[in-house]
Every structure is written in C-alpha cells, then in structure tokens.
1. Could you grab the Rg to Rh ratio for the stretch 197-242? Cα atoms only, Kirkwood for Rh.
2. Through the Karplus equation 6.51 cos²θ - 1.76 cosθ + 1.60, θ set to phi - 60°, convert the phi angles of the stretch 149-165 into ³J(HN,Hα) values in whole Hz; use x for Gly and Pro.
3. Taking K and R as +1 and D and E as -1, what net charge do the other residues with C-beta under 11 Å from the C-beta of V28 add up to?
4. By how many degrees, 0 to 90 and rounded to 10, does the Cα axis of helix 14-25 deviate from the longest principal axis of the chain?
5. Considering only protein heavy atoms and a 1.4 Å probe, what is the carbon-and-sulfur percentage of the accessible area of the stretch 88-192?
6. Roughly how much of H43 is accessible, in Å² to the nearest 10, using a 1.4 Å probe?
7. Among DSSP bridges having both ends in the chain, what percentage is antiparallel? Round to the nearest 5.
8. Using the heavy atoms of the protein chains and a 1.4 angstrom probe, tell me the accessible area per residue for the chain in square angstrom.
Amino acid sequence: MKLIINADDFGFTRAINYGIIDAHNLGVLTSTTLMVTMPAFEHAVELSKKTPMLGIGLHLNLTLVKPLTNGATLVNEDGELIKPKFITPEYPYNEEEVYQEFKAQYHRFTEFMKKKPSHLDSHLFSTDIYPAVTSAAKRLAEEIGIPLRNHDTKGFEHVEFMWEKPLEIPYGAYDNLDYIYDNAASILCYDYVEIMTHPGYLDTFILENSTFSTPRANELESLISPRMRQFLNENNVELISYHDIPKK
C-alpha cells in the first residue's frame, strides 16, 4: 500500500515549522499543509525551498486570526475568524464568501510558493463540519485540479483519511503516534492512505494559544523514531505525497 504522512499547520509558528522540516529530513514525513495567514508563513516558505521532496498543500483556515477577504459570515464582532467552539455545525456560512476566502488563500499560496499546492485540507476540520465550507472547498479543488482531504475530488483515486477518530480511538488515549502500530490492520488495508499528524517543537505562542501542545513534540519523536521506519519497512509501505496520487 501507499501512504501519505501529512503534517498540518506548516506556517503556524517558527517552532512548528522547524519540527515539520525535521520530521521530513530525519523521519518519515512526506507531506505538509501550509497556513498562509499565520505569522510564520513566510518563514515556512523559505524553509520549503530546501526540501524539494516534501509535498506541500494548502491548509485552508477559517478559524484563526483574520481573513484575507471581507465575508460577513466569516468573522466575529472583532473582525476575526470564528473558532468552532463558538459556533455549531449549523452555523450559516455563506458559501460564496467561504469560496472567495479560500480562493484568496490559494492565490497567496501560489504567489509565494510559485506552484500549486499538492492538495487541500483544513484547520480544525472546517471542510468536514460545515456543509457550505465543504462545498466551497470541493469547488476550489476541482477548479484547480488537486485532491481535497477526506473528500473524493473528480478525477483522482480515493485516499482514505486516517487519524484517531475514524479508528474510534477516544480523544487523548494516545499522546503520540503509537496508535498506528496498535491499529495497523485497519490502516494498511487500503490502496492509498493519508495519516494526519501535527509534529512540532514548542514555543510560547503554542503553549499559550493552542490546546494541542505537548503531543506535537511527542508526534515529532514518533515520526523520527527508528521504530516507525522499521514498522513501515516490515509492512512494505511505500511513502508518497499527494503529488503521487494517480488520476483515474
């Protein structure tokens, strides 16, 4: 089987950026997704120039800092993007406003990266939770001809999306990637799989602003551990990125 190991949140902070690059250079990470609206975005772009084999997609963001566009349904009274904990899945996002924001983020990606992203996914699963956001992301993915995580994009082979929730693992049961070993039969039975990870080093911004902090360092250790490399080799896993997903 063929496996994509993706790191979300490239561009979030410099510490996370360095952790993602180390997970690729020293470990088994093959892919990451870039947040173009976050403070360490340009730092991530510079680091990416030294890692040509790392697939880089776009991490669509509707939940942190301010948008690039002026959609009224995207923001709170302070003009900042709305965190999911403050709204329900029924929140009435305007699909056209979401699409225009995603398109602006895509154009910022191509402006700095000088290429299309390998694929699209989203911060805090917005493209899976909100129907209007799902539709907007699918529209953009099919327009530019790239895959969208956890949703089949016209013309591409299916990629099974894996992390703890699809495997019915309770949140917090693992603080690293050991669940991969314990659930190998359920993960490696597909032709193409993406495993979502969040490796990174920790800095004060992450410690003060993210509920997901220490596990990032633990996941980084998992990705660079000899045990992970040995596990993949023993199971005849071929590591790829979304660039390698064949068209139908």
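1. That ratio is 1.13, to two decimals.
2. 3, 6, 9, 6, 9, 3, x, 10, 4, 5, 10, 6, 9, 10, 7, 4, 4
3. Summing Lys and Arg as +1 and Asp and Glu as -1 gives +2.
4. 40
5. 49
6. H43 has an accessible surface of roughly 30 Å² with all protein chains in place.
7. So the antiparallel bridges amount to about 10 percent of the total.
8. On the way: 11560 Å² over 248 residues.
On a per-residue basis, the chain sits at 47 Å².
The values are calculated or read from the model by the stated rules, or taken from the named source; none is laboratory data. Since this is a predicted model, take the numbers as computed values, not measurements. Every residue, glycine among them, receives a Cβ derived from its backbone with ideal geometry; neighbour counts consider all protein chains shown. When the accessible area is computed, the model is the full protein with side chains, heavy atoms only, and any ligands, DNA or RNA have been set aside. Shrake-Rupley method; radii C 1.70, N 1.55, O 1.52, S 1.80 Å.
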